[in-house]
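Read through the structure below, which is laid out as structure tokens, and then see the notes.
The values are calculated or read from the model by the stated rules, or taken from the named source; none is laboratory data. On a predicted model such as this, the values are computed, not experimentally measured, just so you know. Every residue, glycine as well, gets a Cβ built from its backbone with ideal geometry; the counts of neighbours run over all protein chains shown. These accessible areas exclude ligands, DNA and RNA; they are computed on the full protein's heavy atoms, side chains included. Shrake-Rupley method; radii C 1.70, N 1.55, O 1.52, S 1.80 Å.
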Amino acid sequence: MFSSGHAGAVFFDVDGTLVPGTSSSVFLAGFLGHRAELAEAEDAYAAGVLDNRQVSELDAAGWAGVPEQRVSGWLADLPLVAGIAETVTWCRRSGLVPVLATLAWSPVGNYLAHHFGFHSFSGPRLEVVDGRFTGRVARHFDEYDKRDFALAQARELRLAPDACGAVGDSRSDLPLFAHVGVSVAFNASPGARAVATASVDDSDLRSVLPVLSRLVASAR
């Protein structure tokens, strides 16, 4: 059923994984004036008290009236873990397609995909009218959508799920971890560590490469 010129694919989370110790939404909320409120809501999501829809709607309201073009300037200062570019290069040289599977807003995924060379990205969308954000969510996207996006990407690439890997850190990664061949809990929560193939704690993303190498070995 599956036949591909690739050895596999790797799905990378953004918030808490590529963006260490926080989320891209909380970082951007610092420019929008609702950072503390959003950080509290994201903690409630991690604890299972709020769902992703509730958090997204709270965050989106703070974007009302902001010009769409302003975001790329803010993202230039987004805190990122070391080694992203090198990890993407290693994946491509090893026959693994690097993909962003994330709940971060689509401008974040678009920025990171363009900057580092990820194949594609997922995420919710903010509504935009006449070049400005309206404060409403155009498309919701939760942890199950994230899993479904990744599996759809695998099908598009003609890869079996067990030829794919995922690197993440928290609740939003659990459904995807359950379907891939290799999962890496990177600087992760106890819940993510409990179900992952391996756990890695480091300030450099390249530390996950020995685990991802299993995908390359199994494809030979």
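The residues His119, His140, sorted by heavy-atom accessible surface at 1.4 Å with ligands and nucleic acids left out, run His119, His140 from largest to smallest.
Springs join every pair of Cα atoms under 10 Å in this Gaussian network model of the chain, and among Ser122, Ser172, Ser203 the largest mean-square fluctuation is at Ser203. Between Ala36 and His140, the modelled label-to-label distance comes to 2.9 nm, taking each label 7 Å out from Cα in the direction of the beta carbon. In this structure, Val49 and Asp202 have a Cβ-Cβ separation that, at R0 = 45 Å, corresponds to a calculated FRET efficiency of about 0.90. The mean sequence distance of close C-alpha pairs (under 8 Å, at least 6 residues apart), as a share of the length of the chain, puts its relative contact order at 25 percent.
Please find the FRET efficiency linking Glu127 to Ala76, where r is the Cβ-Cβ separation and R0 is fixed at 22 Å, and quote it to the nearest 0.05. About 0.40, to the nearest 0.05. From the alpha carbon centroid of the range 136-159 to that of the range 46-60 is 18 Å. Summarise the accessible area of the range 91-199 (1.4 Å probe, protein heavy atoms) by the percent that is carbon and sulfur. Its accessible area is 47 percent carbon and sulfur atoms.
Taken along the Cα-to-beta-carbon direction at a fixed 7 Å, the label points for Ser213 and Ala152 span 3.5 nm.
Cα centroids of the range 180-208 and the range 67-107: 18 Å apart. Around the amide H of Phe12, modelled in the peptide plane, lie the amide H atoms of Val99, Leu100, Ala101, Val167, all under 5 Å away and 5 or more residues distant in sequence or on another chain. Legend: residues His34, His179, sorted from most to least accessible area (1.4 Å probe; ligands, DNA and RNA excluded), read His179, His34.
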